[in-house]
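Taken together, the values in this text are just the output of simple stated rules run on the coordinates, not laboratory data. Bear in mind the structure is a predicted one, so any value in this text is a computation, not a measurement. Note: ideal-geometry Cβ built from the backbone for every residue, glycine included; neighbour counts use all protein chains shown.
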Amino acid sequence: MNIHATTAPAWSCGTRYPTRDPAPGPGAAETVSVPEPRRTTPLLGAVFVAAEKNMVREVRHFTSSLLAFWGVAACDRESALLVVGELGANAAQYGGTELAVRLSLQGGLLRIDVRDGAAPPCARPAGSATRPAGECGRGLAIVEHLADRVRTTTSDEGHTVRVDLRIAPTAPHGGS
């Protein structure tokens, strides 16, 4: 398994140093306010694995660990894991030979890109139409319910589904 993850904390120069409140009145104690640091560049992580059903678990584990490291709240991590699990399973079942998941976090937006590596046009494998009625499409409905935005693109590199999730503000992560 080829895993590449980076975290790039970057702070705005204007918020790095404490600022003084206006001069206090006579006899008042001087106060110093320290603004919240703001991330100006996204945190990034990616994993590339063989597009096999048993590798989806590894991708979910990578996602969970990375989001925990970034300080993402447990309820938001669970939503992201559902998205990664559903899209990863689809990519493993219908896609090409590689499954790629890219995560980026900037402010309150978590972006998840899942690429399957299938060469266009993507035909379903033989026998996939024999599944019982109603068993198909529930995972994508879950993804669309959780997501603020879902986009699908096809290129020579495969099919990519991009999902944007609005999340609660994150706690400081281990990289800062």
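If packing is taken as the average number of other Cβ atoms within 10 Å across a peptide's residues, how do 84-93, 97-106, 161-170, 140-149 rank, most packed first? Numbers along the way, then the final one.
Values: 84-93: 21.6, 97-106: 19.8, 161-170: 16.7, 140-149: 14.3.
Descending mean neighbour count gives 84-93, 97-106, 161-170, 140-149.
Pull out a ≥ b ≥ c, the square roots of the eigenvalues of the alpha-carbon gyration tensor of the range 61-115, then state rounded if a/c is under 1.5, prolate if not and a/b is larger than b/c, and oblate in the remaining case.
prolate
In the neighborhood of L103, defined by Cβ-to-Cβ distances under 14 Å, what is the net charge if each Lys or Arg adds +1 and each Asp or Glu adds -1?
Once positives and negatives cancel, what remains is +3.
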